[in-house]
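Participant: Below is the structure I would like to discuss, written out as structure tokens.
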Amino acid sequence: MKSDSQAAFGRREFLRLASLAACSAPLRGLAYDPIPALKVRKVSVPLGVAEPFSILHVSDSHIARIDSRDGEATYAFAKSRSRKGRELGEYYLGEALHYARARGIKVVHTGDFMDFASVANIEHAARRIRTDDIVACVGNHEYWLDAGKKEVESYKTATIPKLKGEWKGVPASAVRLGGANFFMFDNSFGTVTETIAAAFEETVKEGLPIVLVCHVPLWTEDVGLNVDSSCGALGRNLCDAVSSEFVERVRRESLVRAVLAGHIHGFHQFAFSDHAQELVAGALFNGDCTEIEFTK
Ligand SMILES: [Fe+2]
């Protein structure tokens, strides 16, 4: 049985702890930085379609999932990749999907959906692409399996079969949206292949306005981007004949009215050719995206 002094101490201690808990609750709340709202930049691009329509252009979500199916080497690679801020990619992807769904517009993702090609990342990204009806092309990170991350075409071989079901443009395909052909292609290491160039010519034959959708911005001498930032810093080289001819070819093609890309984690808009604007989306893990209205 407790004495009076023990009971009084118990009450005093209870009241002291209760008041501490009450005081610390708002302080705990302040310990978290609020997540800034999704930043949606709005732009308008003439496309030459019968009816205007809009899309939400997102890029570089860099989701970073890993689970027990991924081995120790993948775990070590994932840990080496962890960077403050990028963990918000999944959050902002959800926000972008809500935004687009509320407006009845399609989400077009220009690559680096994931940060590395773990089993968990590919499974999650593929499910999101399928269930949320996202139109996505591949980025260089869709292929990164390990610290070797060689950016040569042969490095893609192991991962391509895992991506083909959900990602578009592996290596090239056209998606019809709003009366235009969105020509999706894999230039994730900065270069294109003859297969992609040939697929582009087939799309041109359909005679519809074309939006090019790829990961690495297509470089031109007229733009404010330098070669390193537009092609990547890892030896990506637009100077191979097939790639440079492809860029010149699409610049000449009057059906090409827009180029959508990502990769450099900053928004850019500039004239790509006499007929087309290039739009580079900011990083979705920073909450950046672009609502593009394609007009007549
Ligand atoms: Fe990238």
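Participant: Just to be sure, is THR131 hydroxyl-bearing (Ser, Thr, Tyr) and either without any contact (Cβ under 8 Å) to a residue 40 or more places away in the chain or at positive phi (or both)?
Facilitator: Yes.
Participant: While we're looking at this one, here's another question. If we scan the range 86-96, do we find a residue that is under 24 Å from LEU38 (Cα atoms) and within 14 Å of the ligand (Cβ to nearest atom)?
Facilitator: Within the range 86-96 (the criterion being under 24 Å from LEU38 (Cα atoms) and within 14 Å of the ligand (Cβ to nearest atom)), the answer is yes, since at least one residue qualifies.
Participant: Under the condition of being away from the ligand (no atom under 12 Å from the Cβ) and either surrounded by 19 or more Cβ atoms within 10 Å (Cβ to Cβ) or polar (S, T, N, Q) (or both), which residue from the range 268-281 is nearest to the chain's Cα centre (by Cα)?
Facilitator: So, considering only residues that are away from the ligand (no atom under 12 Å from the Cβ) and either surrounded by 19 or more Cβ atoms within 10 Å (Cβ to Cβ) or polar (S, T, N, Q) (or both), the one nearest to the chain's Cα centre (by Cα) is LEU279.
Participant: All but one of (1) away from the ligand (no atom under 16 Å from the Cβ); (2) over 20 Å from LEU56 (Cβ atoms) hold for TRP144, so report the exception by its number.
Facilitator: (1)
Participant: Would you be able to say whether some residue in the range 119-127 is under 23 Å from VAL259 (Cα atoms) and either modelled with pLDDT of 90 or more or not assigned by TED's automatic domain parsing to the domain that holds VAL192 (or both)?
Facilitator: no
Participant: Out of the residues in the range 226-252 that are at pLDDT 55 or above and assigned to a loop (DSSP other than H, G, I, E, B), which is surrounded by the most Cβ atoms within 10 Å (Cβ to Cβ)?
Facilitator: Among them, the one singled out is LEU238.
Participant: From the list GLY94, GLY71, GLY111, which residue is closer than 22 Å to HIS268 by Cα and either not assigned by TED's automatic domain parsing to the domain that holds ILE210 or not hydrophobic (A, V, I, L, M, F, W, C) (or both)?
Facilitator: Of GLY94, GLY71, GLY111, the one residue that is closer than 22 Å to HIS268 by Cα and either not assigned by TED's automatic domain parsing to the domain that holds ILE210 or not hydrophobic (A, V, I, L, M, F, W, C) (or both) is GLY111.
Participant: Mind checking which pairs have a first residue in the range 144-161 that is in the same structural domain as PHE185 (by TED's automatic domain parsing) and of a type in the set (Ser, Thr, Tyr) and a second that is outside any helix (DSSP H, G or I) and loosely packed, with under 15 Cβ neighbours inside 10 Å, Cβ under 9 Å, 6 or more apart or different chains?
Facilitator: From the range 144-161, the pairs are TYR155/GLY148.
The values are calculated or read from the model by the stated rules, or taken from the named source; none is laboratory data. Because the structure is a prediction, the values reported are computed rather than measured. Cβ atoms come from the backbone with ideal geometry, glycine included; neighbour counts cover every protein chain shown.
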